[in-house]
Amino acid sequence: MASIPIAVHLIKRTMGTRRGLIMNVLLPALLLSVMAGLFSGLQGNKAVIVINNTDTGLLGSSLVTSLEKETQYEVRLTKDMTEQALKAQVLDGDADASIHIPHDYTQKMIDGEQSNAVLYRMDEQLWNASLAAMLNTEADKLAASVRLVQNKGAQTVDSDKLAALLAAQAFPKAAAESVGMRLGNIVSNPMMIGLILMFVMMLLSQSIGLVMEDREQRTMARMYTAPLRSLDIAFGNFAGSMIVATIQLVIVLGLTYFAFGYSPGIPFGSMLIVLEFYLLAALGLVSAIAGLVRNSTQLSQINNLIITPTCMISGCFFPLSMLPDFLQRLANFTPQKWALQAIDRLGGGGSFSDIGLHLLILFLFAAVMLAFGSAVLRPNKTS
Amino acid sequence: MRACWITVYYELLKYSRMRSVLIILIGLPLLLILLLGSAFDREIKPAKVALFVDDQGEMRSGIDTFWSDESIAPYIKQLPAASEKEVQDLVTEGIADYGVYIPSGFSKRLLAGEEATWKTFSGRYGEKNMAADAVINSYMTNLNLQLAAMATLGPDQMAGRSQASGSVETKTSGIVIGNLGTEENQLFGPTNSMQYYSAAYLIMFLLFGGMSAAIALLDQKESGTLQRLYGLPSSFGANVFGIIVGAAMLAALQALVIISFTTFGYGVDWGGHFFWIAWICLLTTAAGSALAIIIASFAKTRKTMQTLFMILVFVMTFLSGGMMAGIENMIGNASKWTINHWANVSLRAIMSGSDTGSVWHEIGILAMIALILSLFAVLRLSKVVKQYG
């Protein structure tokens, strides 16, 4: 148990002084917590659609009813806006899209003319392309309904029949039934957890930087003269880094969970366990990097190069599915991705048996990387 | 003058040997541009839908025609599955964005006049769920229309329409779409995402590069070599100027590599007018170096200066929309107080080839900022370089 003093000493060096405590523990914790507060307020906005229905006939309101049934949109109804005002709503960002139904919408359709509702949007995106497709379907349906009840040869429509036909469609026989899926919202909304993952990795690289300093200043070499096994030294240093990071993690998580009310739907304990596995893998990654460079200045520079991009491709800041396929495959080699997925599964109501594979991968990652990383402890390799 | 150039030469020689610094100043922006540019491109990515059709009844052919229809291809990419469980698993895993299971008794129940359903599994992304919902809705609407017509009007009315069963109707379009952004992306303006992030990260890393002058001065002061320059029979000012010019030349190299690499490697269109782009880069570098020197004059040590300046650049980049496009709309005018904003806006204006007058306005403001910061930096410079100042 000779490694305990080494670990304790490493902890003292990172957070033993007042400056260390503030800079390494409290400040990052506070920053992250504030961000958590900000992001929890930002989420969950539905697309706002303003519908201006000026139609005097039956069909306009039928179109509106079918839109109102869609739960993904927040529909606002008006009757007396000009088209200009509708455009302004979208341009000013008050609405995400607006729809104008002209006053002769029904009449034109009955007369067999082209009858158009107008959809205004900023630009084509997947959601509003779907909205347009839906509107198209509805409009086609209305046109077809009108044609069906049209009296042969004449341009007149039996409005009772039309109403009956529309009413029959209001209670459809065939429908799509959505099966409730319990899915986590971490993968699709990773910002908060992603930031924590990034910060933890940066803080780990700091304590590994201290180990590097030992090597540079030959303290490490002297340690080997003491009656210690090299395994004790390695274990002491790595355990110390882990404990430091764990303390920071507990503070950050505690603040975000209990003070700022961020709740990803995962119990505090399970979250901590997953993140602990991630810590181990991240420690491996950081120390493997440290084994490649000569001094601690280089380490902090090279870390910038590795930490930010790996966080990006592993989906810490935006959903992984936005990236091209080859980058998504590349993400499998980053510990962040597995940690995020594990947390996502837990958030979706999964148990630890569901994330066994993820934890195993993180553990193997740690084992392999730490083997490389132990090079950081070789005392003779300095610049 | 000669002393100045010799200093410049040795500064550049020094930088050329700091490989890790060069990688960060040049390699990192290129990497970030690639990652962000490809993640946020404006192409619509179709939703991946896991599909299992168990129905073998009369409507199977109609269902198959529907799913293989060309008109849904922009919104939907199918992933065939072999069971309902597999559909669900694909969605849970995140391999599919949405799942559809068509039960075996679907045709039978409907034709018997009972209610029948498809089972859908919504995935994680609201946008993709909407797309898949819309596609399924188009099928259901069509089907229900026929069913309703049969029920209310009697089967004979359907004679003329039977061949259309199950397919998406696209003959008459009842909707007119007005894109108010007219060819412009909501987030990135008239430029595409690659151009947007190329500009943002060129500017951010030029500001970072501007820091190298202040770092060099503080380093040389801390190690005591700067003071020895007083002993030389040449102007001290010329030497200090040389150090700053050396750093500026590093920034110029940075800009050159980033712009040419993005042009040829990523196909970014910088819009010509390289004279103006050079001006913007120069002004940004000047503003960045001046800001770093001002901070150095207060911070005294290299570490504190570096931390403060890096935080400042990060905040400015963030506020000007370099990390999250569209943030300007959320935070109002705060972005106008950053150096990045004016540089980015003018670069983007050049890229989109807008007329010269509007670009000069932004460059003018950038020049004003650079001038004011430089004047202030000159006043504070003695605090940076004098050991006991």
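The values are calculated or read from the model by the stated rules, or taken from the named source; none is laboratory data. Note that the structure is a prediction, hence the values are computed from the model and not measured. Positions of Cβ are backbone-derived with ideal geometry, glycine not excepted, and every protein chain shown enters the neighbour counts.
List of remarks:
- Number of residues in the range A:90-134 that are over 15 Å from A:Val75 (Cα atoms) and outside any loop (DSSP other than H, G, I, E, B) equals 13.
Each row is one residue, and each column tells you yes or no for (1) loosely packed, with under 15 Cβ neighbours inside 10 Å; (2) outside any helix (DSSP H, G or I); (3) modelled with pLDDT of 80 or more.
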| residue | (1), (2), (3) |
| --- | --- |
| A:Thr14 | no, no, yes |
| A:Leu21 | yes, no, yes |
| A:Asn24 | no, no, no |
| A:Ala36 | no, no, no |
| A:Gly44 | yes, yes, no |
| A:Val50 | no, yes, yes |
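- Against the conditions (1) more than 32 Å from the chain's Cα centre (by Cα); (2) part of a loop (DSSP other than H, G, I, E, B); (3) facing chain B (nearest Cβ under 10 Å); (4) in contact (Cβ under 8 Å) with a residue 24 or more places away in the chain, A:Glu138 satisfies every one except (2).
- Residue that is nearest to the other protein chains (Cβ to nearest Cβ), among those in the range B:110-153 that are assigned to a loop (DSSP other than H, G, I, E, B) and under 24 Å from A:Ser130 (Cβ atoms): B:Arg124
- Restricting the range B:2-21 to residues that are within 14 Å of chain A (Cβ to nearest Cβ) and modelled with pLDDT under 85 leaves a set whose member that is surrounded by the fewest Cβ atoms within 10 Å (Cβ to Cβ) is B:Arg19.
- Contact map, the range B:91-117: first residue touching a residue at least 24 places away in the same chain (Cβ under 8 Å) and charged (D, E, K, R), second residue buried (at least 16 other Cβ atoms within 10 Å of the Cβ) and not in a loop (DSSP other than H, G, I, E, B), Cβ cut-off under 6 Å, separation 6 or more or different chains; pairs are B:Asp97/B:Ala47; B:Asp97/B:Lys48; B:Asp97/B:Lys128.
- For the residues B:Val168, B:Val100, the requirement of being at the interface with chain A (Cβ under 9 Å from one of its Cβ atoms), modelled with pLDDT under 80, outside any helix (DSSP H, G or I) and crowded, with 20+ Cβ neighbours inside 10 Å singles out B:Val168.
- The helices (runs of 4 or more DSSP H) falling completely within the range B:304-389 that include 2 or more residues that are modelled with pLDDT under 85 and either hydroxyl-bearing (Ser, Thr, Tyr) or in contact with an Asp or Glu (Cβ under 8 Å, 6 or more places away or on another chain) (or both) map to B:356-385.
- One residue from B:Asp89, B:Asp64 being farther than 30 Å from A:Arg345 by Cα and either part of a strand (DSSP E or B) or charged (D, E, K, R) (or both): B:Asp64
- Flag if B:Gly94 is modelled with pLDDT under 80 and surrounded by 20 or more Cβ atoms within 10 Å (Cβ to Cβ): yes
- The numbered conditions (1) small (Gly, Ala, Ser); (2) in a helix (DSSP H, G or I); (3) within 46 Å of the chain's Cα centre (by Cα); (4) at pLDDT below 80 are all true for A:Ala164 except (3).
- Identity of the residue in the range A:274-333, over 26 Å from B:Gly209 (Cα atoms) and among the hydroxyl-bearing types (Ser, Thr, Tyr), that ends up nearest to the other protein chains (Cβ to nearest Cβ): A:Ser321
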